[in-house]
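The next block holds one structure in the form of structure tokens; read it before the comments.
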Amino acid sequence: MENSKGLLKSIRGDIGNSQAADVPTDEELELINGYTRKRFSKEEVYVFTVVLCDNDVDRDFQRFPVETLTALEKMFVGKSGIFDHNPSTNNQTARIISCSTKSVDGVVTATGDQYFRLEARAYIPRGRQFDDVIYAIESGIKKEVSVGCSVAFEKCSICGENMGSCGHKRGNVYGGKLCYGELIDPIDAYEWSFVAVPAQREAGVIKSYPGGMERSISMEEILKSIGAGESLSLDPMQTEKLCGYIEKLKKAAADGAVYRNELKAAVKKYSAIIQPDISENTMEKIINSLTVKELSELKASYEKKAAGVIGKCRPQLASVKSGKEKNSNKEFKI
């Protein structure tokens, strides 16, 4: 244990008056002490930066859109860091104190989009059994991480339908386009874990620099300030990133509107077949109040029922099978 402490000390170096990367800022210390029973000093805690997930296609052929990453920011604050997704109190090692979605200059995803990642700042108390964990992090042994969360909808990248209800398979290529699932509408974030092989290739502990040397931008902070009507000053690079982010939101909204209208049209068509007594105006009011997920479920249900109704229908000019003898003229005898 003494050897590991000695190595940690040499890695940290002489802090002096500067802010070392593994020492919390004043603001971070306040956040940390919001979770502790006793008040800790800067020297009693270790902080580090970890990438939880990003908007690139992962090993499971799934991806988090930027909108999902932004929605997960608040959900992951306060969540515990454990090992191998084993939800045991003995496995609790670290805790997240802040989280934000940031872009990385010059990096694009496999789909050609600007690369965004969900970065978190987490802390571990120094001393006792935690020094071994800190040593493993500093030496690069404990690095890769994976997240535990749930979403309301996984959209197929090929057809836009709910993945699993359509015939497309993640990882297959259709018409030169890779099929993957887009994780939409996060419901909850449970935990994040140190693992050997994460689904997200870039998820893990990264180097951080004190004194604001990192040039990445927090979308949550910008949107929060705009929403609160606060004055906001952005440099040219931040302005460009924000404009790009807004354009992506507009495109996603336009695509979502097209998909929603297609679902509405399908539901109205099938409703006319299986529920002809319900007027189009009434059905329009009903479906306008439904979410995309609810519309998708209703469409799938109506589609099955409509298929049953259509299957029972007989064309007007269909021939009637008869058990009567062929070539018989008895029917025409007087």
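Computed quantities for the displayed model
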quantity: CYS243 versus VAL104: modelled label distance in nm, points set 7 Å from Cα along the beta carbon direction; calculated: 2.5 nm
quantity: Label-point separation in nm, ALA252 to ALA21, each point 7 Å along Cα→Cβ; calculated: 3.0 nm
quantity: Residue pairs, from the table LYS207/LYS248; LYS177/LYS264; LYS79/LYS207; LYS155/LYS264, whose Cα atoms sit over 19 Å apart; calculated: LYS207/LYS248; LYS177/LYS264; LYS79/LYS207
quantity: Region 33-87: radius of gyration over Cα atoms, expressed as a fraction of 2.2 N^0.38 Å; calculated: 1.51
quantity: Rh (Kirkwood; distinct C-alpha pairs) - region 13-116, Å; calculated: 16.1 Å
quantity: Label-point gap, in nm, between LEU290 and ASN90 - each point 7 angstrom along Cα→Cβ; calculated: 4.9 nm
quantity: Cα-derived Rg to Rh of region 255-304, Kirkwood definition; calculated: 0.94
quantity: Within-10-Å neighbourhood charge of GLU44 [Cβ basis; K, R +1; D, E -1]; calculated: +3
quantity: Region 58-148 - percent relative contact order, Cα under 8 Å, separation 6 or more; calculated: 22 percent
quantity: Over region 45-169: Kirkwood hydrodynamic radius from C-alpha pairwise inverse distances, Å; calculated: 16.3 Å
quantity: 17 Å tail of the calculated P(r), region 99-171, as % of Cα pairs; calculated: 70 percent
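Quick note: the coordinates plus some simple rules give every number you see, no bench work behind them. On a predicted model such as this, the values are computed, not experimentally measured, just so you know. FYI the Cβ positions are ideal-geometry reconstructions off the backbone, even for glycines, and counts take in every protein chain you see.
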